[in-house]
Amino acid sequence: MVLTPQSGLAWQWGPWLFCNTPSSERLFLTLSSIAIFVNNFIMNVINKPLISVILPVYNSEKYLHLAMGSIISQTVDNFELIIINDGSLDKSFEILSNYAKIDSRICLINQSNQGLVKTLNQAIEIAGGEYIARMDADDVALPHRFASQLNFLWEKKLDICGASVQLIGTATGYWHYPYSHEGCEAELLFGVPFAHPSVIGRSEVFKELRYSSEWPLVEDYDLWQRAWAAGFKMGNLPEALLQYRTHRKQTSSLYRRQQAQNSQRIRSRHWQQLLSVKLGIARTEAQEAEKDPWKTFQLLWQLKQCYKGTEAEKNLDHAFLRLCSHRLHSWVLDRTS
């Protein structure tokens, strides 16, 4: 396990980026790598972290070494790692304390169990970096995750950036998310446009919006939808930069009913806001359309015309079936609860 920070980003990753991308993009990527190196250097000089990594921990002793090693060995080394042990009953705090003793970038907080939303917001409150990156205690970040995402943020002028993820644990394969802002905007009609622990974004996004306790189990979906409504730009790298662990103890497996019901409320909110922005549809009309499959079909067709030639146009190919299936599922849950 690598515990010593690696530096010299421009020299380590500049040649790799240059040789493995089309010639039309090489100049920008080379300049971006230099820019990260310079920014990293400046932030080190003024003793301010470039990135604040937020890592909530609860009973994660089994996977902590892998998660910690993957962050500590990132090629961008100017970060603070804010870890909040949220009342773990296993040896998580003991493991984390040993890491904190040998790496001054780690800020370790031990507290009684407060839940994920309060823990995340507490970390956001004390974060001092220009960017905030999420990480979960059972996942593994690839060594160049931060470097690649910073390049992408700057190249596309984004405020929030995610990435594809490789599934590990009880499932295998990959999850891919929309590449462009328009694609994410359309995807919010159906669900989250990001894998939550893969996200990095400008600090002001998180500090301005925060996670809301009103949306348990879907706090990330709510945050991304509100970020879109506030005008922040988002996108995803198509490259898998995180190994995302799936297992039977995940919240999403234990509380599916509440999660599905809250997700549908956010879908409805985005449906109404997106139709207003793109088509000038009043909220009451959008609400009525949710009860009328034919009206929904017509509005989706109009919406698709707004995205001609973009990633979102393709994402809306099966929008009617996706929306109707979600609404039917929510209707069934409401009547069987």
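Residues that are farther than 30 Å from Tyr58 by Cα: list the helices (runs of 4 or more DSSP H) wholly contained in segment 240-337 that include at least 3 such residues. So that I can check it myself, show each step before the final result.
Numbers: elements: 251-254, 256-279, 283-290, 293-305, 311-315, 319-336.
Filter on segment 240-337 gives 256-279, 283-290, 293-305, 311-315, 319-336.
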Exercise. Based on what the data block shows, is Gly201 modelled with pLDDT of 95 or more and closer than 23 Å to Pro49 by Cβ?
Worked result: yes
Exercise. With respect to Ala147, is the statement that it is over 28 Å from Pro216 (Cα atoms) and crowded, with 21+ Cβ neighbours inside 10 Å true?
Worked result: yes
Exercise. Would you pick out the residues in segment 321-331 that are without any contact (Cβ under 8 Å) to a residue 40 or more places away in the chain and open to solvent by 60 Å² or more (accessible area, probe 1.4 Å)?
Worked result: Leu321, Ser325, Leu328, Trp331
Exercise. Only one of (1) open to solvent by 20 Å² or more (accessible area, probe 1.4 Å); (2) more than 19 Å from Ile51 (Cα to Cα); (3) touching a Leu at 6+ places or on another chain (Cβ under 6 Å) fails for Val140. Which number is that?
Worked result: (2)
Exercise. Considering only segment 179-200, how many residues are open to solvent by less than 10 Å² (accessible area, probe 1.4 Å) and under 15 Å from Ala229 (Cβ atoms)?
Worked result: 5
Seminar exercise, completed: Considering segment 74-88, residues that are assigned to a strand (DSSP E or B) and free of Cβ contacts under 8 Å to residues at least 40 places away in the same chain, and then whichever is surrounded by the most Cβ atoms within 10 Å (Cβ to Cβ), we arrive at Ile83
Seminar exercise, completed: Here the qualifying pairs (Cβ atoms under 9 Å; residues six or more apart or on different chains; first in segment 104-118 and at negative phi and among the basic types (Lys, Arg); second modelled with pLDDT of 95 or more and part of a strand (DSSP E or B)) come out as Arg105/Val53; Arg105/Phe79; Arg105/Glu80; Arg105/Leu81; Lys118/Asp86
Exercise. Looking at segment 110-125, which of its residues are open to solvent by 30 Å² or more (accessible area, probe 1.4 Å) and over 11 Å from Ser213 (Cα atoms)?
Worked result: Asn110, Gln111, Ser112, Asn113, Gln114, Gln122, Glu125
Exercise. Given the residues Gln272, Gln261, which is the only one that is polar (S, T, N, Q) and open to solvent by 40 Å² or more (accessible area, probe 1.4 Å)?
Worked result: Gln261
Seminar exercise, completed: By residue number, the members of segment 113-133 that are under 14 Å from Gln74 (Cβ atoms) and of a type outside the set (Gly, Ala, Ser) are Tyr131
Exercise. Applying the selection to segment 276-304, what residues are open to solvent by 70 Å² or more (accessible area, probe 1.4 Å) and touching a Ser or Thr at 6+ places or on another chain (Cβ under 9 Å)?
Worked result: Arg283
Exercise. Scanning segment 55-73 for residues that are assigned to a strand (DSSP E or B) and of a type in the set (A, V, I, L, M, F, W, C), which turns out surrounded by the most Cβ atoms within 10 Å (Cβ to Cβ)?
Worked result: Val57
Exercise. Looking at Glu94, Glu155, which is the one that is more than 30 Å from Leu237 (Cα to Cα), out of contact with any strand residue (DSSP E or B) (no Cβ under 9 Å at 6 or more places or on another chain) and either open to solvent by 20 Å² or more (accessible area, probe 1.4 Å) or β-branched (Val, Ile, Thr) (or both)?
Worked result: Glu94
For this session: Tell me which of these His176 doesn't satisfy, since it passes every other one: (1) under 21 Å from Asn59 (Cβ atoms); (2) surrounded by fewer than 17 Cβ atoms within 10 Å (Cβ to Cβ); (3) modelled with pLDDT of 95 or more.
Result: (1)
For this session: Please work out if Arg265 is under 24 Å from Tyr177 (Cβ atoms) and of a type outside the set (Asp, Glu).
Result: yes
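The values are calculated or read from the model by the stated rules, or taken from the named source; none is laboratory data. Nothing here was measured: the structure is a model prediction, and the numbers come from that model. Positions of Cβ are generated from backbone atoms using ideal geometry, with glycine treated the same way; all protein chains shown enter the neighbour counts. Side chains are part of the model used for accessible areas, which takes the heavy atoms of the whole protein and leaves out ligands, DNA and RNA. Shrake-Rupley method; radii C 1.70, N 1.55, O 1.52, S 1.80 Å.
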